[in-house]
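Since every read-out is calculated from the coordinates, none of them should be taken as a lab result. Bear in mind the structure is a predicted one, so any value in this text is a computation, not a measurement. Note: ideal-geometry Cβ built from the backbone for every residue, glycine included; neighbour counts use all protein chains shown.
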């Protein structure tokens, strides 16, 4: 069968970067195939996706769009590669800019970025309008447009959100809308960067079903992931990337165990039920000093909490009660849109509740999208911004070393991989040693090393008598690292697994 898309990427380097971000990457996609590129933070998978989708190199693309003469500026990205998309061939020599039809390329090779908000147009107010945006630009008839939008919304479980404003969506809902907007384009190749991040089980199932439908229609899918999850485990082929190079190749005939072992060796997260059987490392008898002493002073108390956003017809949270003791880690679980993020933002003082009370010690919040709390031009300046504690330089250096960020102190946070951006944002929070650590989807985009660092910081808070409250769709992480799970839903909230303290965090080793 003739390949739908073939790419030979000899090398790609960002402007002024000391070494290539990609080397020797071969990708061949047949119609209806599913290929995964997996790797830890900085492995090059997101860069590879952006190159395949024509988003990189930046200066080459810009010059082609302007219609200027071929050539590279001194600060341009450098790409040496050969692409074949159907009957079209595009060669990058590293010394010139080929003339390409970028708009036509993007219609055939579409990409969901890691932060799904970056794909949404920003010029459409409601979910219905966002899903119709591409169809409008293509001149689709009104009847066909309405039918397609309705079918796509039904497939992804978005019917009840069609009239909702985009800026009122949860992170998982944003991702589903972006995936739907991509799917209506019917591209030949669809590149999905962390497609399941922040999605509840229903959302994950809906994306998997949509992927199967697109495959059946001949679309080739490329999944970029820092974890081997159920979607990755069912691909036709996979490559494990490490520092821009292919560390291992895998085919369906090799079996899921081989992929799990190769990925784990490179620092990729492997879902527990996809790993080979092993002895659990969770120490269920572990207790913190505060728990042993029997805390009578809760770190956090919510009573009758109700939250409603301006112009919203229904409250995001209604009558929510919660008490979190010192030395306790609690996980909030629930479907997208259940109000988990709203609860955390209200505790942090970012939202004023409609009713109810919040009694909390000093709190620190890690936002769901870490870029929302990063604004300085270097990592060191970012973490130290506003810090008034003693021995500022020493304290900043210590927290950066603990989180494995000692080698990027002079880097711009926006230029770091998503996993490290989240760790930088976490460093900003934990440096101030809050009594209550609030974590909103903390494991999204984190590789195995990042997760280990996150768990260590959680444990530091608990061991000094603080508390941790996290919202997550990662039920495995919650079961292992939270004492208690509280489920939020449309009708009620309840505690799973009985009494407080039934589950203890896994001790991650020396801090």
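So for the pair residue 410, residue 15, with labels modelled 7 Å out along Cα→Cβ, what separation do we get in nm?
The modelled label-to-label distance comes out at 2.0 nm.
Give me Rg/Rg_expected for the range 289-496, where Rg uses Cα atoms only and Rg_expected = 2.2 N^0.38 Å with N residues.
1.01
Only counting other Cβ atoms within 10 Å, I'd like 470, 314 sorted with the fewest neighbours first.
314, 470
If we count other beta carbons within 10 Å of each Cβ, what is the order of 151, 23, fewest first?
Final ranking by Cβ density, sparse to dense: 151, 23.
Is the range 93-249 best put as rounded, prolate or oblate by its Cα gyration tensor, with a ≥ b ≥ c the root eigenvalues, rounded for a/c under 1.5, and otherwise prolate when a/b is larger than b/c, oblate when not?
Oblate, since a/c reaches 1.5 and b/c is not below a/b.
Just from its helices, what would the mean residue ellipticity at 222 nm be for the chain, if runs of 4 or more DSSP H residues each count -39500 (n - 2.57) and the sum is divided by every residue, rounded to the nearest 500 deg cm²/dmol?
-9000 deg cm²/dmol
Given points 7 Å out from each Cα along the Cα-Cβ axis, report the residue 143 to residue 216 separation in nanometres with one decimal.
For residue 143 paired with residue 216, the spin-label model returns 2.5 nm.
Calculate the translational D of the range 132-194 in whole µm² s⁻¹ from Stokes-Einstein, where the hydrodynamic radius comes from the Kirkwood formula applied to all Cα pairs, the temperature is 37 °C and the viscosity 0.692 mPa s.
265 µm²/s
So what is the diffusion coefficient of the chain in µm² per second by Stokes-Einstein at 4 °C and 1.567 mPa s, using a Kirkwood Rh over Cα pairs?
Estimated via Stokes-Einstein, D reaches 54 µm²/s.
Give me the percent relative contact order of the range 173-249, please, defined on Cα pairs under 8 angstrom at least 6 residues apart.
29 percent
Using a ≥ b ≥ c from the Cα gyration tensor of the range 5-271 (square roots of the eigenvalues), is it rounded, prolate or oblate, where a/c under 1.5 gives rounded and otherwise the larger of a/b and b/c decides, a/b for prolate?
oblate
Write down the percent of antiparallel bridges among all DSSP beta bridges whose residues are both part of the range 289-496, to the nearest 5.
45 percent
The range 194-275: percent of C-alpha pairs farther apart than 16 Å?
Of all Cα-Cα distances in the range 194-275, 53 percent exceed 16 Å.
May I ask you to sort 424, 429 by Cβ crowding, counting other Cβ atoms within 10 Å and putting the fewest first?
Least to most surrounded, the residues fall as 429, 424.
Which percent of Cα pairs goes in each bin when the distances of the range 339-451 are cut into 5 angstrom slices starting at zero?
P(r) over the range 339-451, rounded to whole percents: 2, 12, 22, 23, 19, 12, 6, 3, 1, 0.
Return the percentage of antiparallel bridges among DSSP beta bridges fully within the chain, rounded to the nearest 5 %.
Rounded to the nearest five, the antiparallel share is 55 percent.
What number, in percent, do you get for the relative contact order of the chain if the mean sequence gap of Cα pairs under 8 Å and at least 6 apart is divided by its residue count?
Normalised by residue count, the contact order of the chain is 15 percent.
Over the range 289-496, what is the relative contact order in percent, taking alpha-carbon pairs closer than 8 angstrom and at least six residues apart?
Once divided by the residue count of the range 289-496, the mean separation gives 28 percent.
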